[in-house]
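The values are calculated or read from the model by the stated rules, or taken from the named source; none is laboratory data. Just so it is clear, the structure is predicted and the values come from calculations on it, not from any experiment. Reconstructed Cβ throughout: ideal geometry from the backbone, glycine too, with neighbour counts over all protein chains shown.
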Amino acid sequence: MPHDLAFSDNSRLARNKQPPLRITRRVKDGIDAMVAQGLDYQAAAIHAGMSTYRFRLALEKPHVMAYYRAQCQVLRASTTARNIHRLCQIRDAEDNMPAVNAIKALELIGDEQTNKPNAATPGVTIRIVNVAATNEVHAQTAIEAKADEIETFGERPRDQ
């Protein structure tokens, strides 16, 4: 019996297998131009020799956007060391608060994208909120209204 399994038909497994998603050289060149040179997607498409329509369609694909985000992360990581040296220069020099604030903003951009508190994660989340209870008892007001005694527009009360 075990020998029969070795000769079983496994072609169904090969048919369901998908090739890895690929990014063309032109799309990679366009994304690299966007990240390294700061071009918008239209100028990056022209730089890569593509139409803006085709480049935008490529950017809509999830694996292409993943490559773009990865390249942005590489750029952000490479500028972090330079920001630290610049902060040291500013610390030793005269008052230059706009540059310090700009560097703080750049550092926060990286932190915000990695620490998204509202990002959906799998599983169940239990939030325990401690609300201080107040002992005040609010006075409740009761309003009694009888529909038979209320006069409406153009109508008279019903006779009983």
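Filtering region 45-104 down to residues that are within 16 Å of residue 33 (Cβ to Cβ) and β-branched (Val, Ile, Thr), which residue is surrounded by the most Cβ atoms within 10 Å (Cβ to Cβ)?
Looking at the filtered set, the residue picked out is 64.
So which helices (runs of 4 or more DSSP H) are wholly in region 1-110 and hold at least 1 residues that are modelled with pLDDT under 90? Outline the logic, then answer.
Values: elements: 2-6, 11-16, 25-37, 41-48, 52-59, 62-92.
In region 1-110, the matching helices (runs of 4 or more DSSP H) lie at 2-6, 11-16, 41-48, 62-92.
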